[in-house]
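Some notes on the structure that comes next.
The values are calculated or read from the model by the stated rules, or taken from the named source; none is laboratory data. As the structure is a computational prediction, the values presented were derived from the model and not from experiment. Here the Cβ is made from the backbone with ideal geometry for all residues, glycine too, and neighbour counts use every protein chain on show. Areas reflect the complete protein model, heavy atoms only, side chains present, ligands, DNA and RNA absent. Shrake-Rupley method; radii C 1.70, N 1.55, O 1.52, S 1.80 Å.
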Amino acid sequence: MTETCPHAPAYPFGPVSRLDLHPRYLELARTEPVTRVHMPYGGEAWLLTGYEEIKQFLADPRFSSYAATTPDTGRVTPLPLRPGNLLTMDPPDHSRIRKIVAHAFVPSRVARLTDRMREVVAAEIDAMVEAGPSADLVERLAIPLPVRMIAELFGIPYEERYAFRKYSDVFVATSAHTQEEIDEARDGLEDYLKSLIELRRREPQEDLVSVLIEAVDGERLSDMEAVRTGIGILMAGHETSLSMISNVCFLLLQQRELYEELCAHPERIDAAIEEMLRIVPLRSVGSFPRRATEDVEIGGVLIRTGDTVIFQRAAGDRDERVFDDPETIRFDRGRNPHLGFGHGMHYCLGSALARSELRVVLEGLTDRLPTLRLAVPAEDVPWKPGLIARAPEALRVDW
């Protein structure tokens, strides 16, 4: 039985504002990096905000993702994640499926997709320039690029993107949609993946869906695992990427001297990407939860069997015990061991693809549009409300 703490503060700590990180996170990282909080759904949890505490947690197999799929798990979303995908699996199932899916992200495939990215970004920037000196970067780049890449990874014609895009924001809602709407979106995505698998059985291709089918036929993957693993990659592969591209563009144009630095020094783009991965608090709230399968001590605090644990990665990546001058964005930061793609067994499989998308976008924009700037004051940029990932709803720019 999980113990309750009568003085646990309500979580989240306050409304999400653009890319601002609530000051309570950094205060906790300094004074109480393992603290008890009361979650909006499912009861209480331990919140980790210190870098070393988060890293230890992520590497410890005694914290189970599968155990956190039960309704009584403390969480920030109206419904727990469904079992059967990589995010909700533990070894040995997680190791088995990760090995299968890794074939979709081998360097040769990422290299081919990167070549395709350059074509897409060049075409989108051409269209922007032709249409006039004002555009929405979300609509022009942040959505088309990752959606095209995930469509090609799955062998989905780009024209069919609305078949899965219409479920995306609902699927990742914290407060923007009801439980019923979220359940309908999950069912809709499962039905879509099932139909895609049936189609690919009739018409095989060299894509991720065919890899999943081959694993099912070889009895290395169940039908449900194939569908839910596909959904997990589909969502992470485009929703997270489009949010990150939007956020990076906003941040560079909000602090425009950073954009000017990349225009003048394109060789710093890779370092800039790592710094953006460190500094951008992509998640509006804490991580997906895990539960302790036995008593574990982190940061001098005893976490008991059954306790739920979440973390705020962005707080850990601003931990002054690890990063010098952590609040300042620096492209000359030599050592940058950020946790932007996680750590341990759940380290992001698509990290190379995500880095390539950011690199191609920044190379294209800084080369072609060195005068790019926000068309509205930063405080007037609209943001998507009530979702797990932060992202501008639109990003109007001039040049």
Subject >> Identity of the residue in segment 70-87, modelled with pLDDT under 95 and touching a Lys or Arg at 6+ places or on another chain (Cβ under 7 Å), that ends up most open to solvent (accessible area, probe 1.4 Å) >> reply: ARG82
Original post:
Say we look at segment 342-383 and pick out the residues that are under 15 Å from the mean Cα position of the chain (by Cα) and assigned to a loop (DSSP other than H, G, I, E, B); which of these is surrounded by the most Cβ atoms within 10 Å (Cβ to Cβ)?
Top reply: GLY350
**OP:** May I ask you to list the residues in segment 176-186 that are of a type in the set (Asp, Glu) and open to solvent by 70 Å² or more (accessible area, probe 1.4 Å)?
**Re:** GLU180, GLU181, GLU184
Original post:
Within the bounds of segment 164-174, is there any residue that is open to solvent by 70 Å² or more (accessible area, probe 1.4 Å) and out of contact with any Pro (no Cβ under 9 Å at 6 or more places or on another chain)?
Top reply: yes
**OP:** Those residues that are of a type in the set (A, V, I, L, M) and over 20 Å from the mean Cα position of the chain (by Cα), I need them from segment 47-91; list them, please.
**Re:** ALA67
Original post:
Would it be correct to say that LEU189 is out of contact with any His (no Cβ under 6 Å at 6 or more places or on another chain), assigned to a helix (DSSP H, G or I) and touching a residue at least 40 places away in the same chain (Cβ under 8 Å)?
Top reply: yes
Original post:
Taking only pairs six or more apart or across chains, which ones have beta-carbon atoms under 6 Å, a first residue in segment 149-162 that is loosely packed, with under 13 Cβ neighbours inside 10 Å, and a second residue that is part of a helix (DSSP H, G or I)?
Top reply: TYR158/ARG148; TYR158/ALA151
Subject >> Long-range neighbours under 7 Å by Cβ, at least six apart or interchain, first residue touching a residue at least 12 places away in the same chain (Cβ under 8 Å) within segment 355-370, second open to solvent by 10 Å² or more (accessible area, probe 1.4 Å) and among the basic types (Lys, Arg) >> reply: VAL360/ARG118
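Hey, can you tell me all the residues within segment 154-195 that are of a type in the set (A, V, I, L, M, F, W, C) and under 22 Å from VAL76 (Cβ atoms)? Even if it seems obvious, please write down each step before you answer.
To start, the set of residues in segment 154-195 that are of a type in the set (A, V, I, L, M, F, W, C) comprises 154, 156, 163-164, 170-173, 176, 182, 185, 189, 193.
VAL170, PHE171, VAL172, ALA173, ALA176, ILE182, ALA185, LEU189, listed by residue number.
Might you check whether a residue that is within 30 Å of ALA292 (Cα to Cα), part of a helix (DSSP H, G or I) and hydrophobic (A, V, I, L, M, F, W, C) occurs anywhere in segment 330-339? Step through it out loud before you land on a result.
If we filter segment 330-339 for residues that are within 30 Å of ALA292 (Cα to Cα), which is where we start, we get 336-339.
So of that shortlist, the ones also part of a helix (DSSP H, G or I) come out as none.
Checked segment 330-339: no residue is within 30 Å of ALA292 (Cα to Cα), part of a helix (DSSP H, G or I) and hydrophobic (A, V, I, L, M, F, W, C).
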Original post:
Scanning segment 270-329 for residues that are among the hydroxyl-bearing types (Ser, Thr, Tyr) and open to solvent by 30 Å² or more (accessible area, probe 1.4 Å), which turns out nearest to GLN254 (Cα to Cα)?
Top reply: THR328
Subject >> Single match in VAL106, VAL121 (criterion: open to solvent by 10 Å² or more (accessible area, probe 1.4 Å) and β-branched (Val, Ile, Thr)) >> reply: VAL106
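Could you tell me which residue of segment 31-46 is nearest to THR305 (Cα to Cα), considering only residues that are open to solvent by 30 Å² or more (accessible area, probe 1.4 Å) and modelled with pLDDT of 95 or more? Break it down into steps so the answer makes sense when it comes.
Taking segment 31-46 as the starting set, the residues that turn out to be open to solvent by 30 Å² or more (accessible area, probe 1.4 Å) are 31-32, 38, 40-42, 46.
Filter once more, keeping what is modelled with pLDDT of 95 or more: 31-32, 38, 46.
Details: THR31: 25, GLU32: 21, HIS38: 18, TRP46: 12 Å.
So the residue we want is TRP46.
Restricting attention to segment 47-69, which residues are open to solvent by less than 30 Å² (accessible area, probe 1.4 Å) and of a type outside the set (Gly, Ala, Ser)?
Our first condition is that a residue be open to solvent by less than 30 Å² (accessible area, probe 1.4 Å); within segment 47-69, this holds for 47-51, 53-54, 57-58, 60, 63-65, 68-69.
LEU47, LEU48, THR49, TYR51, GLU53, ILE54, PHE57, LEU58, ASP60, PHE63, THR69, listed by residue number.
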Original post:
Going through segment 192-214 one residue at a time, which ones are without any contact (Cβ under 8 Å) to a residue 12 or more places away in the chain and assigned to a helix (DSSP H, G or I)?
Top reply: SER195, GLU198, LEU199, ARG202, GLU214
Original post:
Between residues in segment 125-138 that are of a type in the set (Val, Ile, Thr) and residues that are open to solvent by less than 10 Å² (accessible area, probe 1.4 Å) and part of a helix (DSSP H, G or I), which pairs lie under 6 Å by C-beta distance while being six or more apart or on different chains?
Top reply: VAL138/SER246
